[in-house]
Amino acid sequence: MRKFYMMLAALMVAAITIVACEKTPEEKPKPTPPTPTELTFEVSVADVTRTSAIINVTPSDLEAEYFTVVYSAYTVEQYPTDAELVAKIYAEVFEYAQSQNKTFVEYMAEHTKHGKLENHEVGGLTQATNYYLLVFGVDAANEYTANTAVKMVKFKTAEAQQSACTFEIKASVHLTTAALSVTPSDNNQMWHLINLSIDEYNGYTAADGEYGWTNAELFQNTLNTEIETLTGEGLSKDEIGVKLFHKGMRTLNASNLQPKTQYVTFVAGVTYENGEAYMTTEPKELRYRSGEAADNNLTFDIDVKNIEHYSAEICITPSDPNAEYYYYIGYINSQKNKMKPIEIATSAVTEYIYYWDNYTELKRREPSKGVVDLTGDNKVELNIAETEYYVVAFSFEANPNYGKLINEETGEYDQNPGTITSAPVYVSFMTPEQGDPMTAEFNFTASNFGPYSFSFDIEAEDSTIYYQPGIAYAAGFDPQEAIDASSATLAQVIQMCMEGQSPSLTIQEALEERCSHLYRNGSAHFTVANLAPEREYIAYVLTIDTKTGTFARCVYSEVIAKTTPVGTITPGVELLGVYNGNDENGAIFGDADLTLGRPIVAVKLTGVEGASAAFAALTTDKYDEVVTLTNQYIISNMRGYWQEITNLTVPYHFFVADWDVEQTVVAYAQDANGAEAGVGALAVKPVEYGDINELKGYVDAVNNATPAVAQTLAFGDMAEPSLTCVWSEEVGAPRAGYVKYHEVEPLQAAQSDIVTVKVVKSFAL
């Protein structure tokens, strides 16, 4: 016979997890058949939604005590008499009270009512389902026996708008793990997946079992239980939504399955609103069987010591010196902080063990064996102060088919990485506290002065302080204006990193992991360009308070640099010829693949007599656009593309270009004082080509000139950026780091990616 679907009006939950209790079980209540009295009830149900209803109860005696409960109509209609119905209700209440470590009387005392019950919401109902609101009087002095007839009002919850979306599910099984790939017909449809063993499934769906649920009822009640479980763990509605619901094609990994066991997986479209979810499609079913168990008894001793701001010493000793295993070191963001060791280890598999070689081939790192000694000169380098890190170690059996194509028609790949085969050992530690951004000091020095650029160094006395570097005209510099001008950008960048891209990051992690091109810490070397000639500049830093994500103060120098006057040499660019790379075929420059199918452009720089150095580059920008730009802009923004002319006696240079595309060769020179002046430019559009021997003659002329330097082709690969950072040594901080050793959990204690709970249909009084 089916178990009651009870909804206790005092609670708003639809599912709970029953746990063992220590209290000595009391004898189950034996309610006497209800004896009708003069007490009657006016009962109504209103505002019925898909998952809730508003109930109102008015007893004829406002001092009398009564009990209310909501059951599925299917259950109620199985019991022909009030006595049988009440007996079953009390049996359920007794069982639930025991799970809460309370007696039946204690529980009833908390949940019986008197007086009017007005506009009371009952939540956690299942959509499109018939229910009864049941109300009857109780005698508190006589162990809450029923003393009236049962008042019943039938109602039906609303049905959600159904979706036409369909789903395909496939399972890739390796030992006791399974990768469950879901492909919806509509990528905008939100969906959810549940995964149960066949015994669990049969226990919930057997017609003669305690539950007797349909697949749809099983799915909805499991979903309700998952939401309630995650809510109890402290997750917000948004965090629950991210964890449970998905869109588009996705693969979820189920780990630590029971060996050689059949599993049942369901996927259905859902709608999630205000912390409640309901189905919008019928569940799609898949059945698969797990493989052999691969568990072993390997354990680890992990020692973490000498923790500094940016380093720690770690030693990992396995119980079997001949066993192969993996370890991973990462930092704990807010998301990982809520994960179990097995879940941490599972994430490490895809974060570390597997990697793409040149983005073309999926490879697996070699496992470790024996003691891993990361101490002394081999200590672990870390990159964020005042941050919690972790070390996890485990044995792992890889799936040899992971990453291989399994369906040419759909382009599907095997997405099951393999199986963790030992209980992960997990240790966390905290790096020391950052310094104070309000008191941090910096020193500034400058060098390499030119008309359009100079270099400067920032020496940070405390390398834990993040900051924004900058320069400004010396005249009229206002530190507060510098802070005000940059504050909005800082706030926007941090918000983007922490909310849009990586919601689990701390401010320190966001600055380090996502914003290191904008904000730095430690000593650094910078080259600044696109400046005005003969101007005085100061350098500054805006220190960042990582607790608030705002600038704390501005530290700035006196006049640190003055750009020089413009140089005296502006080169011209003359076209020597265009040649076919296929004719060259590696005979001149030694790399046939480099010139295959491409034109080779040969140019000569003119007017470079007396220059100390000259540079040329090829850009796909059109000539008419290039000549409208300032000299300092071209020189600065082509940084990394410039190729130095190797011999100013024979100032030839050679580029690999593109056929029938308008391109521009640009060049500049430095005079005897190292100062730049103007930029020469030449438009080229390779269409026809000359004799390859002519090109060989030009190259030979360069190579045979004094000094002789072997000539190579120039390419437009970006070199180092205009801002480069050199890290300083770490310094002390007010708070030392600490280490926390976590209890080793049995391997079978958790599943990854998929929330696993024991589904119990609750009653809410």
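Which one is modelled with the highest pLDDT among residues in region 235-271 that are part of a strand (DSSP E or B) and farther than 19 Å from Glu285 by Cβ?
Once the filter is applied, the top-ranked residue is Thr271.
Being at pLDDT 90 or above and aliphatic (A, V, I, L, M), is that true of even one residue in region 88-102?
Within region 88-102 (the criterion being at pLDDT 90 or above and aliphatic (A, V, I, L, M)), the answer is no, since none of the residues qualifies.
Within region 42-96, count every residue that is in contact with a Ser or Thr (Cβ under 7 Å, 6 or more places away or on another chain) and without any contact (Cβ under 8 Å) to a residue 12 or more places away in the chain.
So the answer is 0.
Any residue in region 363-374 that is polar (S, T, N, Q), modelled with pLDDT under 85 and outside any loop (DSSP other than H, G, I, E, B)?
No, region 363-374 contains no residue that is polar (S, T, N, Q), modelled with pLDDT under 85 and outside any loop (DSSP other than H, G, I, E, B).
Just checking, does region 654-672 include any residue being of a type in the set (S, T, N, Q) and out of contact with any strand residue (DSSP E or B) (no Cβ under 7 Å at 6 or more places or on another chain)?
No, there is no match, as no residue in region 654-672 is of a type in the set (S, T, N, Q) and out of contact with any strand residue (DSSP E or B) (no Cβ under 7 Å at 6 or more places or on another chain).
What is the one condition in (1) in the same structural domain as Thr75 (by TED's automatic domain parsing); (2) more than 22 Å from Ile54 (Cα to Cα); (3) buried (at least 22 other Cβ atoms within 10 Å of the Cβ); (4) touching a Ser or Thr at 6+ places or on another chain (Cβ under 6 Å) that Ala146 does not satisfy?
(4)
Does Glu386 meet the test of being among the acidic types (Asp, Glu) and touching a residue at least 40 places away in the same chain (Cβ under 8 Å)? Please lay out each step first, then the result.
Details: among the acidic types (Asp, Glu): yes; touching a residue at least 40 places away in the same chain (Cβ under 8 Å): yes.
Taking the combined requirement at face value, the residue satisfies it.
So is Ala128 among the small types (Gly, Ala, Ser), modelled with pLDDT under 90 and either part of a loop (DSSP other than H, G, I, E, B) or closer than 22 Å to Thr81 by Cβ (or both) or not?
Yes: the conditions hold for Ala128.
Could you please find all residues in region 376-400 being under 29 Å from Arg520 (Cβ atoms) and not in a strand (DSSP E or B)?
Those that are under 29 Å from Arg520 (Cβ atoms) and not in a strand (DSSP E or B): Gly376, Asp377, Asn378, Lys379, Leu382, Asn383, Ile384, Ala385, Glu386, Thr387.
Out of region 312-348, which residues are closer than 20 Å to Glu386 by Cα and out of contact with any Phe, Trp or Tyr (no Cβ under 8 Å at 6 or more places or on another chain)?
Of everything in region 312-348, those that are closer than 20 Å to Glu386 by Cα and out of contact with any Phe, Trp or Tyr (no Cβ under 8 Å at 6 or more places or on another chain) turn out to be Glu313, Ile314, Asn333, Ser334, Gln335, Asn337, Lys338.
Out of (1) buried (at least 21 other Cβ atoms within 10 Å of the Cβ); (2) of a type in the set (Val, Ile, Thr); (3) out of contact with any Lys or Arg (no Cβ under 6 Å at 6 or more places or on another chain), what's the single condition that is false for Val578?
Only one criterion is unmet by Val578, namely (1).
Residues of region 88-120 being touching a Pro at 6+ places or on another chain (Cβ under 6 Å) and closer than 20 Å to Val153 by Cα, which ones?
The one that is touching a Pro at 6+ places or on another chain (Cβ under 6 Å) and closer than 20 Å to Val153 by Cα: Tyr90.
Mind listing just one residue for me: the one in region 167-188 that is modelled with pLDDT under 90 and assigned to a loop (DSSP other than H, G, I, E, B) and, of those, surrounded by the most Cβ atoms within 10 Å (Cβ to Cβ)?
Thr176
Give me the pairs: first residue in region 193-220 and more than 21 Å from Thr166 (Cβ to Cβ), second residue modelled with pLDDT under 90 and assigned to a strand (DSSP E or B), beta-carbon distance under 8 Å, and six or more apart or on different chains, which are they?
Tyr211/Lys761
Looking only at region 313-341, count how many residues are out of contact with any helix residue (DSSP H, G or I) (no Cβ under 7 Å at 6 or more places or on another chain) and in a helix (DSSP H, G or I).
3
Out of all the residues in region 202-235, which are small (Gly, Ala, Ser) and under 18 Å from His192 (Cβ atoms)?
Ala216
Which condition breaks for Thr281 when tested against (1) part of a loop (DSSP other than H, G, I, E, B); (2) closer than 11 Å to Leu193 by Cβ; (3) among the hydroxyl-bearing types (Ser, Thr, Tyr)?
Of (1) part of a loop (DSSP other than H, G, I, E, B); (2) closer than 11 Å to Leu193 by Cβ; (3) among the hydroxyl-bearing types (Ser, Thr, Tyr), only one is false for Thr281: (2).
Go through the residues of region 189-211 one by one and say whether even a single one is part of a loop (DSSP other than H, G, I, E, B) and either among the polar types (S, T, N, Q) or farther than 23 Å from Ala73 by Cβ (or both).
Within region 189-211, one or more residues are part of a loop (DSSP other than H, G, I, E, B) and either among the polar types (S, T, N, Q) or farther than 23 Å from Ala73 by Cβ (or both).
Looking at Ala616, Ala602, which one is part of a strand (DSSP E or B), in contact with a helix residue (DSSP H, G or I) (Cβ under 7 Å, 6 or more places away or on another chain) and in contact (Cβ under 8 Å) with a residue 24 or more places away in the chain?
Selected residue: Ala602, the only one of Ala616, Ala602 that is part of a strand (DSSP E or B), in contact with a helix residue (DSSP H, G or I) (Cβ under 7 Å, 6 or more places away or on another chain) and in contact (Cβ under 8 Å) with a residue 24 or more places away in the chain.
For region 426-443, state whether one or more residues are in a strand (DSSP E or B), under 30 Å from Gln632 (Cα atoms) and out of contact with any Lys or Arg (no Cβ under 6 Å at 6 or more places or on another chain).
yes
Let me confirm something: among Lys604, Lys622, which residue is farther than 27 Å from Ser455 by Cα, touching a Pro at 6+ places or on another chain (Cβ under 7 Å) and not β-branched (Val, Ile, Thr)?
Checking each option against the conditions leaves just Lys604.
Kindly provide the set of residues from region 358-404 that are in contact with a His (Cβ under 9 Å, 6 or more places away or on another chain), polar (S, T, N, Q) and within 21 Å of Asn296 (Cα to Cα), ordered by number.
Asn399
If you check every pair at least six apart or on different chains, which have Cβ atoms under 7 Å apart with a residue in region 343-365 that is closer than 16 Å to Asn416 by Cβ and among the hydrophobic types (A, V, I, L, M, F, W, C) first and a residue that is surrounded by fewer than 17 Cβ atoms within 10 Å (Cβ to Cβ) and at pLDDT 85 or above second?
Ile353/Arg365; Leu362/Tyr354
Go through (1) under 48 Å from the mean Cα position of the chain (by Cα); (2) more than 12 Å from Phe655 (Cα to Cα) for Leu594 and report which single condition fails.
The single condition Leu594 does not satisfy is (2).
Can you pull out every residue in region 88-132 that is hydroxyl-bearing (Ser, Thr, Tyr) and within 30 Å of Thr281 (Cβ to Cβ)?
Passing the criteria: Thr126, Thr129, Tyr131, Tyr132.
Can you find even one residue in region 432-445 that is touching a Phe, Trp or Tyr at 6+ places or on another chain (Cβ under 8 Å) and closer than 19 Å to Ala529 by Cα?
yes
Any idea how many residues of region 211-255 are at positive phi and within 23 Å of the chain's Cα centre (by Cα)?
Qualifying residue count for the region: 2.
In region 667-694, which residue that is touching a helix residue (DSSP H, G or I) at 6+ places or on another chain (Cβ under 9 Å) and of a type in the set (Val, Ile, Thr) is surrounded by the most Cβ atoms within 10 Å (Cβ to Cβ)?
Within region 667-694, the match that is surrounded by the most Cβ atoms within 10 Å (Cβ to Cβ) is Val679.
If you check Pro80 against the conditions, is it farther than 30 Å from Asn274 by Cβ, loosely packed, with under 15 Cβ neighbours inside 10 Å and not aliphatic (A, V, I, L, M)?
yes
Restricted to region 319-355, and to residues that are surrounded by 15 or more Cβ atoms within 10 Å (Cβ to Cβ) and among the polar types (S, T, N, Q), which residue is modelled with the lowest pLDDT?
Gln335
The values are calculated or read from the model by the stated rules, or taken from the named source; none is laboratory data. Values in this document were obtained by computation on a predicted structure and should not be read as measured data. Counting neighbours? That spans all protein chains shown, and the Cβs are built from the backbone with ideal geometry, glycine included.
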